[in-house]
Amino acid sequence: MVPSFVSELFYRIQHIDNPIIRAIYFHHELIRIHPFADGNGRVTRIAKNWMLMYELYPPIFINDASQKKEYISTLAKSFRELEKLPNQWNSHTELFFEQELDRLLINANWLYESINLKGLSRESLSTK
């Protein structure tokens, strides 16, 4: 049997139209629910990235130790605020969403540049 808070999460994400916001919200809330004994972060990040890639967006990656530290800190602050006021958006939750969107933009730009470089290298080969 699925716990009610997980059912509530799946109900809520159905009403979020934007696939990027839906994936980030799912990530945030599933981590907050913490349904597994181990691997919550890994499973949640995989699920978020699957949701993004299903909609043809690039995945969101944490690229280094400082980003990971910032990610954990922001989530912890968001969760502390949500314990006090569970249904009220707070600045730490907003910051988490902004950081995730920034990482998505960085990864999308990296992907674009990689594809563009491949195209340019093919062009130069075909003109020889």
### the chain: angle of helix 40-54 to the longest principal axis, Cα-based, in degrees nearest 10
50
### Net charge over other residues, Cβ less than 12 angstrom from the Cβ of GLN67 (K, R count +1; D, E count -1)
-1
### Alpha carbon convex hull of the chain, projected area averaged over orientations, nm²
10.2
### Task
Excluding residues on the same chain fewer than 8 positions from LYS118, give the lysines whose Cα lies under 22 Å from its Cα.
LYS128
### Message
Please list 3J(HN,Hα) in residue order for segment 114-120, calculated via the Karplus relation 6.51 cos²θ - 1.76 cosθ + 1.60 where θ = phi - 60°; whole Hz, with x for glycine and proline.
### Response
4, 5, 4, 4, 4, x, 5
### Message
Between ILE16 and LYS69, what is the label-point separation in nm under the 7 Å Cα-to-beta-carbon projection?
### Response
2.8
### Message
Quick check: with the 1.4 Å probe, what order do LYS77, LYS118, LYS68 take by accessible area, largest first?
### Response
LYS118, LYS68, LYS77
### Message
Taking the alpha-carbon distance from LYS48 and a cut-off under 23 Å, which lysines remain once sequence neighbours fewer than 8 residues away in the same chain are dropped?
### Response
LYS68, LYS69, LYS77
### Message
Between TYR112 and TRP89, how high is the FRET efficiency from 1/(1 + (r/R0)^6) when r is the Cβ-Cβ distance and R₀ = 30 Å? Nearest 0.05.
### Response
0.45
### Gained length - PHE79 relative to ASP102, 0.36 nm times residue gap less alpha-carbon distance
6.2 nm
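The values are calculated or read from the model by the stated rules, or taken from the named source; none is laboratory data. Note that the coordinates shown come from a computational prediction; the quantities given were computed from them, not determined experimentally. Note: ideal-geometry Cβ built from the backbone for every residue, glycine included; neighbour counts use all protein chains shown. What goes into the accessible areas is simple: the full protein's heavy atoms, side chains included, and nothing from ligands, DNA or RNA. Shrake-Rupley method; radii C 1.70, N 1.55, O 1.52, S 1.80 Å.
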